[in-house]
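A.B. asks: Pasting a structure here, questions to come.
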Amino acid sequence: MQNPVRLPETGHGNFSEAEWNARVDLAATYRLVAHYGWANLIYNHIALRVPGEPDAFLLKRHSVMFDEVTASNLIKISLSGKPLDEEGDDVNAAGFTIHTAILAARRDINCTVHIHSEAGMAMSAHGGGLLSITQAAMRFHNRLSYHDYEGISTDLSESERLQRDLGTHNKAMILRNHGLLTCGATASEALSLMRYLVISCETQLRLEATGAPIVNPPEDVCERTAKQWERHVEHAGLEDWPAYLRVADRIDPGFRS
């Protein structure tokens, strides 16, 4: 496969204010994912499009763990797929395939989150998929995509199927036999969607493990709730993100460096 090209980095003092703020937000998102217990050593990634540069995005170096990410050690990568320079070859090939597939196809999306949580992996192999049985899960009612497993995502040709399966409107996808993917216009939206998706997977699996009968709300109630979630999201980013940043700062404000 062709590798992504690493765009020039000029140091902390020379980043635009918009890019630096994006770097801080992405570093905080990595730290929060680690805090919630979804990290997988150095594997899995979160990507954020660079403000004002639609064909460039930020990603952690493959060898860096989530709780080691800082604003300044993120790398800036092109969507084009040209060869990396010598300094920038610390990029996970599967991560590049998955994140560029979404960012290239969906200009309404600026952030993508991909994890391998235990509940997410279990749900990815669940024959019935995610059920709309809780208020959290109803956020994804008729708004959740599935992508069949093709092996480790190192082949760039898989990008077309990832794009097709996510579609033009959905912002969450279960990668069959693999894990979870969420995306959004902001880091806050993508992270919040992942929180609700993980919680929904965990809740369903726990309930099914009890063997108790499951109460399935009517279709019209599920759809109404999903639309209520959509209206809530229009404002939630403004409300949620400062709280997320306070959590990240309490863990370790070093992500801002």
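A.B. asks: Taking only C-alpha pairs under 8 Å that are 6+ residues apart, what is the relative contact order of the chain in percent?
C.D. replies: 22 percent
A.B. asks: Roughly how many percent of the accessible protein surface of the stretch 37-142 is carbon and sulfur, given a 1.4 Å probe and a whole-percent answer?
C.D. replies: The C+S portion of the solvent-accessible surface of the stretch 37-142 is 50 percent.
A.B. asks: Give the ranking of Tyr30, Tyr36, Tyr149 by solvent-accessible surface, highest area first, calculated with a 1.4 Å probe.
C.D. replies: I get Tyr149, Tyr36, Tyr30, largest accessible area first.
A.B. asks: Averaging over all projection directions, find the projected area of the Cα convex hull of the stretch 120-210 and quote it in nm² with one decimal place.
C.D. replies: Its average projected convex-hull area is 6.0 nm².
A.B. asks: For His169, His35, write out the residues from largest to smallest accessible area, computed with a 1.4 angstrom probe and no ligands counted.
C.D. replies: The residues order as His169, His35, largest area first.
A.B. asks: Moving to a separate point now. Taking the stretch 86-171 on its own, what percent of its Cα-Cα pair distances exceed 16 Å?
C.D. replies: The calculated P(r) of the stretch 86-171 puts 62 percent of pairs beyond 16 Å.
A.B. asks: Convex hull over the alpha-carbon atoms of the stretch 194-250: what's its volume per residue in Å³?
C.D. replies: Per residue, the Cα convex hull of the stretch 194-250 comes to 96 Å³.
A.B. asks: Pick from Glu189, Glu17, Glu158: which is most flexible by mean-square fluctuation in a GNM of the chain where alpha carbon atoms under 10 Å apart are linked?
C.D. replies: Glu17
A.B. asks: Could I ask something else about it? Provide the solvent-accessible area of His141, counting protein heavy atoms only and rolling a 1.4 Å probe, rounded to the nearest 10 Å².
C.D. replies: For His141, solvent-accessible area is about 20 Å².
A.B. asks: Among residues other than Ala28 whose Cβ falls under 13 Å from its Cβ, what is the net charge (Lys/Arg +1, Asp/Glu -1)?
C.D. replies: It works out to a net charge of +1.
A.B. asks: I would also like to ask the following. For the stretch 25-65, what ratio Rg/Rh do Cα atoms give with a Kirkwood hydrodynamic radius?
C.D. replies: Dividing the radius of gyration by the Kirkwood radius yields 1.01.
A.B. asks: Same structure again: Just need the relative contact order of the stretch 153-232 here, percent rounded to a whole number, with Cα pairs under 8 Å and 6+ apart.
C.D. replies: 12 percent.
A.B. asks: Heavy atoms only, 1.4 Å probe, whole protein assembly: order Thr203, Thr100 by accessible area, highest first.
C.D. replies: Thr203, Thr100
A.B. asks: Hey, what's the chain come to in accessible area per residue, 1.4 Å probe, Å²?
C.D. replies: 46 Å²
A.B. asks: Can you tell me what percent of all Cα-Cα pairs in the chain are more than 26 Å apart?
C.D. replies: The calculated P(r) of the chain puts 38 percent of pairs beyond 26 Å.
A.B. asks: Give me a comma-separated list of calculated 3J(HN,Hα) values for the stretch 178-185, in order, Karplus coefficients 6.51, -1.76, 1.60 applied at θ = phi - 60°, integers in Hz, x for any Gly or Pro.
C.D. replies: With coefficients 6.51, -1.76 and 1.60, one gets 9, x, 10, 9, 10, 8, x, 5 Hz.
A.B. asks: Still on this structure, please answer the following. Running a GNM on the chain with Cα contacts under 10 Å, which residue among Phe66, Phe15, Phe96 ends up with the highest mean-square fluctuation?
C.D. replies: Among Phe66, Phe15, Phe96, the largest mean-square fluctuation in the Gaussian network model of the chain belongs to Phe15.
The values are calculated or read from the model by the stated rules, or taken from the named source; none is laboratory data. If you're wondering where the values come from, they're calculated on a predicted model, not measured in any experiment. For neighbour counting, all protein chains shown are included, and Cβ atoms are generated from backbone atoms with ideal geometry for every residue, glycine included. Side chains are part of the model used for accessible areas, which takes the heavy atoms of the whole protein and leaves out ligands, DNA and RNA. Shrake-Rupley method; radii C 1.70, N 1.55, O 1.52, S 1.80 Å.
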